[in-house]
Protein chains: 2
Amino acid sequence: MVKPILPGRPARGSKSGRPIMLLLDLLGRRWVLRLIWELREEPKRFRELQVAIGASPTIVNERLAELRATKLVELDDASGYRLTTLGKELLHLFLPLNVWSEKWANRLSA
Amino acid sequence: MVKPILPGRPARGSKSGRPIMLLLDLLGRRWVLRLIWELREEPKRFRELQVAIGASPTIVNERLAELRATKLVELDDASGYRLTTLGKELLHLFLPLNVWSEKWANRLSA
DNA sequence: CGTGATTGCTACAGTTTCTGTAGCAATCTG
DNA sequence: CAGATTGCTACAGAAACTGTAGCAATCACG
C-alpha cells in the first residue's frame with residue numbers, strides 16, 4: 001500500500017504538503033490519468049474500467065479508492081463509477097491536452 | 001526498462017497509439033509531472049532535480065531520457081536541463097492546476 | 001425457490017519498477 | 001596536480017504492479 005493522498009500530509013518527494021504537490025503525486029500514479037480520462041463521458045462499471053485500461057483489478061481498485069478518498073470520483077449504485085463535480089472540473093482542465101497531444105505527436109514524427 | 005513512448009507505438013493499456021494515450025502514459029509515469037513542474041521557472045542540473053524531487057538517480061535519468069526523447073525537455077550544457085518550446089506549451093496547460101489544487105485541498109479538509 | 005449473471009472487490013505468487021548507495025569518466029578550477 | 005562538479009551507471013534490496021482465481025452480495029428469470 002502506497003502512502004495515502006490526504007491534505008496536510010506530504011506527497012512523495014515533497015516535505016511540504018502543498019496542494020499542487022499532492023495533486024502531482026496523485027496524478028502521477030499509474031492509471032490515475034487514464035481512469036479520469038475513461039470517465040470523461042459517462043459512468044462506467046468496475047470491470048468496464050478494468051478492461052478499458054487493461055490493468056489488474058487490484059490496482060484499479062486501489063486507484064479508484066484513492067480517487068474516491070480525494071473526492072474526484074464517486075460510485076453510484078445505479079450507474080457505476082463517475083466523476084464528481086470536482087472531478088469534472090479537473091477533467092476540464094485536462095481537455096486541452098487532447099488537442100495539444102496531436103500537435104506534439106506531429107512534431108515527434110517530423 | 002519500460003516501453004518507450006514513441007509516436008505510432010501503443011501506450012501501456014492502449015491498443016490505439018493515439019497521441020492522447022501516449023501523453024497520458026508518459027505523464028502518468030512516476031516523477032514525470034514533478035520533473036516538468038520543477039523546470040517551470042529556470043533550468044536545473046541533474047543533481048539539483050534529483051534532490052528537489054527526492055528520487056533515485058537511476059529513475060531520474062530514465063525519466064529525463066524519456067522527456068528528451070519526446071522533445072519536452074532538453075539539456076543545455078551551460079545552464080542544465082530545461083523545457084523545450086513544446087515543453088513550455090505543455091507546462092502552460094498545466095499551470096491552472098496550481099490554483100485549482102488549492103480549492104480542491106480546501107474541499108478535502110472540509 | 002434456485003440457477004445464473006452481474007456487481008465490487010480480495011488473495012496471492014510472480015514479475016517489473018523503484019530506491020539507496022556507491023562510484024566512474026569527463027570537464028573545469030585553482 | 002588536487003578538488004569540485006558534471007551527467008550518468010551498477011546493483012542489491014524493497015516496493016509496486018500483474019495475472020489469475022475466486023468470494024459474497026445483489027438482481028433477474030423461470
Some residue of the range A:52-66 being touching a helix residue (DSSP H, G or I) at 6+ places or on another chain (Cβ under 6 Å), closer than 18 Å to B:I20 by Cβ and part of a helix (DSSP H, G or I):
yes
Which pairs do you get when a residue that is closer than 13 Å to B:L27 by Cα and within 14 Å of another protein chain (Cβ to nearest Cβ), found in the range B:58-69, comes within reach of a residue that is of a type in the set (A, V, I, L, M, F, W, C) and near DNA strand C (Cβ under 10 Å from one of its atoms), reach meaning Cβ atoms under 9 angstrom, with the pair 6+ apart or on two chains?
B:R63/B:W31; B:R63/B:V32; B:R63/B:A55; B:E66/B:V2; B:E66/B:V32; B:L67/B:V32
Identify all residues within the range A:54-89 that are buried (at least 19 other Cβ atoms within 10 Å of the Cβ), away from DNA strand C (no atom under 14 Å from the Cβ) and hydrophobic (A, V, I, L, M, F, W, C); write none if there are none.
A:L72, A:L83
Subset of the range B:79-110 that is under 19 Å from A:M21 (Cα atoms) and aromatic (F, W, Y) - its residue that is farthest from the other protein chains (Cβ to nearest Cβ):
B:F94
Looking only at residues that are in a helix (DSSP H, G or I) and farther than 22 Å from A:R18 by Cα in the range B:38-51, which one is nearest to DNA strand D (Cβ to nearest atom)?
B:F46
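The numbers here are math on the coordinates, done by the rules we state, and not lab data. Just so we're clear, the structure is a prediction, and the values are computed from it rather than from any experiment. Using ideal geometry, Cβ is built from the backbone for each residue, glycine included, and neighbour counts are taken over all protein chains shown.
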